Structures are given as structure tokens and as C-alpha cells.
Amino acid sequence: MSASLGPTAIRRLDEIGEADVLVGIPCFDNAATVGVVIGAVEAGLREHLPELSAVVCVSDGGSSDGTRDVAMETGRGSAARGLPRPERAVFEYRGAPGKGSAVRAILEAAGRLRVRACALVDADLRSITPTWVDRLLGPVVREDFGFVTPLYARHKHDGTITNSFAYPVTTALYGVRIRQPIGGEFGLSGDLARHLEVQEVWDTDVARFGIDIWLTTTAVVEGYRVCQAILGAKVHDPKDPATDLGPMFRQVVGTLFALAGEHRDRWSQIHTVVRPPTYGERAEADTEPVVVSVPRLNEAFRTGAERHLERWRRIVSAHAMAEIERAVNGAPLEDEPWFTIVDDYLVAYDAGEVEAGLLLDSLLPLYFARTASFVERTRDDTPEEAEARVEAGVDVAVALKPSLVERWAFRDQPA
């Protein structure tokens, strides 16, 4: 019996039989946008991969807004210049709610159909174009890459969790400079999809709440060839880090830390950093402005300091703690103390002496302080200047890795 596909989904997939490629769309209450996404995906499959048999798979988490109805009816009866329309499978997945369960069902569908390549795209996109399909699947079917990560044009104040954690930590630990490791849109080989499907993590928080970083980390650690695909601007609902990103922070950072502990024997032996190949041509892209409330971030940081100051003193090194105290008094939180703090928390998370949820809660106000510092520092920067600051921060995280390895090894020594 399938863990994630119900009888109706299995019957539909069995009707299809086999396919060359599959594009999976995890969704929940996305009736307003899922039709646009499906239309762009199907157009991309017809325009760029017409020689391949294709399936669009919509994996829904029990939407109550008619998402599945929209997904089934979108584009029905329309002509496509005589080209065959991709098959479509729309179903409600089984299992715990969350994007991870939706992705698990898509991977299982890819395995049942024995596809050569699989892509994942979010259902709430407003900027997806048919070219995205070619950029995500083309490197897999044409050049045998195992994993394709997205490369977006983003506003300089968007993606703060990526810039502060996911990008620099992934680069420092695993030695691959992947700019958007939690982007949401990915391409996978059929072999990788089948490998991921059978991993014993699907009933854990690692996969349920941090699926994107888990996919990226697993692909890198398992040695699959990785490349990046230029997709242009990703238009979505911008979020103010001070008010909207708390749950996402705990999910992504918690998974990132858990994976670091699991794969320590591998990343501790990696001493170089490579930049993966990039596919597609860069073009001017209009990014949506992201308005960040620096006063709100600073207030959240100060409130957090009242609650967590003693815990910070137990977790964070003396030098970084002095910088935190300076930040409480209005100083910026610079790259070197920030990534020292992140490394301190990596070690503390793995030690398990503080409950994981409480540990992440105490890190959240420090992330607010770091974000406020970055926004203030880059307020008058061009996008290129702001991006250069992000890259400089990654360099600092990489430079601090030997210290992280040494401290982790020292902690593991018997008393």
C-alpha cells in the first residue's frame, strides 16, 4: 500500500503507465494561481520538450477553495498548435499536512511512472514562464545533471533566511556555492527522485517542515551532479521578516542544523568550495520591492534580549557575546560575529543540552538583529552592491569553518 498516494491517484497513474518527465506542483488553497502555473508548465513542456512524454502532477493537501477543480479544468479543450497535451494527474495526497508530504507523493508518482526527470514548482507563483520548465528539466535530460537549483533575481531585502543562513551555511559545510538552496523550484533526475522517495525521514520534522533544504543537502551529500538554472524574478507575496518569517525560520534553520549533525563526518572533510555550473542567460528582471520594518526588527531583538540574554551567554563565545551586547545598544551585527554565533548554535543544537525548539526561539531575535543590520547597511546600495555584501558574508562563513570543525571535534572528546 502506498504511503502517500490514495487509490484514485494510483489508478490515474496506472492509466498513464510511463512517462519521460514529470512536473510536480505541491499545493494547498492555491485556486487563484494554480491555473496560471499549470498553463505555463504545459506550455513549457510543449515548446521546449515536445519529443518527451510528460505528466503534470498536482499534489494537494486538502484544499477547501476549489484548487483541485481548477487544476483539473485549466486548459481543457484548448488547442496547442497540434502538439499533444501533457497528461495530468490531480489528487489529494495522504499523510501529515505540509509541503514535505506533497513532495513525497510527487516523488512516488515519478517512481511509478519511471520518469527520467522530475521538476518541482510552487503553486503560488505569479511569475513562472514556459522557459522555467526548460531551465529546470533541460540540464537533467540533456546533460545528465542530477539536481538543478533555481537562481532568481530577488529584491535586495528579500530572502533574508537564505542570505543569513541557508546560502552561507550550506556553502561552508558542503563546499558547493548554491545561491538558492531553499528556492522551491528544483529539477531532479529520475534516479535522485527514487532515492529520495525511499529515505526514512518522511514522518519526521526534517522532511515535513524543511523539505527544500533537505532536498538540496541530500543531493549534494549523496554526490549528485548539481547545477543552477537562471529563472528570472520570482514574484510571490513578499514578507516582512519582523512579522511573517518566524515559523519558516524555525523550520528551515532547525532542519539545516539537524542535517549538519547527521552529515558531520562528511562535511568536516571538505576543505574547498566550488561554484556549480549555471544554465540560462541573465536578463533584466523586475523584482517586487520588499518593505522591511527595521524599528520592528530592533524592538523584537531587544525584547528577545530580555528573555534570552543568559541563554546567549551560555551558548555564544565571549567575543560574539560582546558584539551582541553592543548590538543591544544600537551597533550593527557584522559578518564575523554573526557567523560565529551561527556556528555556536550549530554546535549547541547538536549537543542537545537545550531543547531544540527553545534553542531556535533564542536564535530568532539574533536573526532579527542581523537582518536589521543588513537592511540598514544596504539601504542605498544598488542590487549588485547588496549582492556583493551577501557574497562577502559567505566568504566569512567559509573562513570560519576550520574553527567550527575544531570546536565540534573538541566537544566530542571524552571527558
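The values are calculated or read from the model by the stated rules, or taken from the named source; none is laboratory data. Note that this is a predicted model, so its numbers are computed, not measured. Heads up, the Cβs are rebuilt from the backbone with ideal geometry, glycines too, and the neighbour counts pull from every protein chain shown.
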Study note, to complete from the structure: The residue from 142, 179 that alone is assigned by TED's automatic domain parsing to the domain that holds residue 19, at pLDDT 95 or above, of a type in the set (Lys, Arg) and within 17 Å of the chain's Cα centre (by Cα) is 179
Exercise for review: Please verify whether the stretch 3-13 includes one or more residues that are under 21 Å from residue 128 (Cα atoms) and either acidic (Asp, Glu) or touching a residue at least 24 places away in the same chain (Cβ under 8 Å) (or both).
Suggested key: no
Study note, to complete from the structure: Here the residues within the stretch 276-289 that are modelled with pLDDT of 85 or more and either in contact with a helix residue (DSSP H, G or I) (Cβ under 9 Å, 6 or more places away or on another chain) or in a helix (DSSP H, G or I) (or both) are 277, 279, 280
Check your understanding: Looking at the stretch 298-307, which of the residues that are within 9 Å of residue 365 (Cβ to Cβ) and under 28 Å from the mean Cα position of the chain (by Cα) is surrounded by the most Cβ atoms within 10 Å (Cβ to Cβ)?
Key -> 301
Review point. Tell me, which helices (runs of 4 or more DSSP H) wholly within the stretch 329-415 include 1 or more residues that are at pLDDT 95 or above, in contact with a Cys (Cβ under 7 Å, 6 or more places away or on another chain) and under 13 Å from residue 168 (Cα atoms)?
Key: none
Review point. Before we move on, is residue 31 among the hydrophobic types (A, V, I, L, M, F, W, C), more than 24 Å from the chain's Cα centre (by Cα) and under 18 Å from residue 122 (Cβ atoms)?
Key: no
Check your understanding: Out of 102, 110, which single residue is part of a helix (DSSP H, G or I), more than 19 Å from the chain's Cα centre (by Cα) and crowded, with 20+ Cβ neighbours inside 10 Å?
Key -> 110
Check your understanding: Are there any pairs with C-beta distances below 9 angstrom linking a residue in the stretch 204-222 that is more than 11 Å from residue 256 (Cα to Cα) and in the same structural domain as residue 101 (by TED's automatic domain parsing) to a residue that is modelled with pLDDT under 95 and of a type in the set (Phe, Trp, Tyr), with the two at least 6 apart or on different chains, and if so which?
Key -> 208/202
Review point. Which of (1) within 25 Å of the chain's Cα centre (by Cα); (2) at pLDDT 95 or above is the odd one out, the single condition residue 324 does not satisfy?
Key: (1)
Check your understanding: How many residues does the stretch 113-142 hold that are without any contact (Cβ under 8 Å) to a residue 60 or more places away in the chain and surrounded by fewer than 24 Cβ atoms within 10 Å (Cβ to Cβ)?
Key -> 1
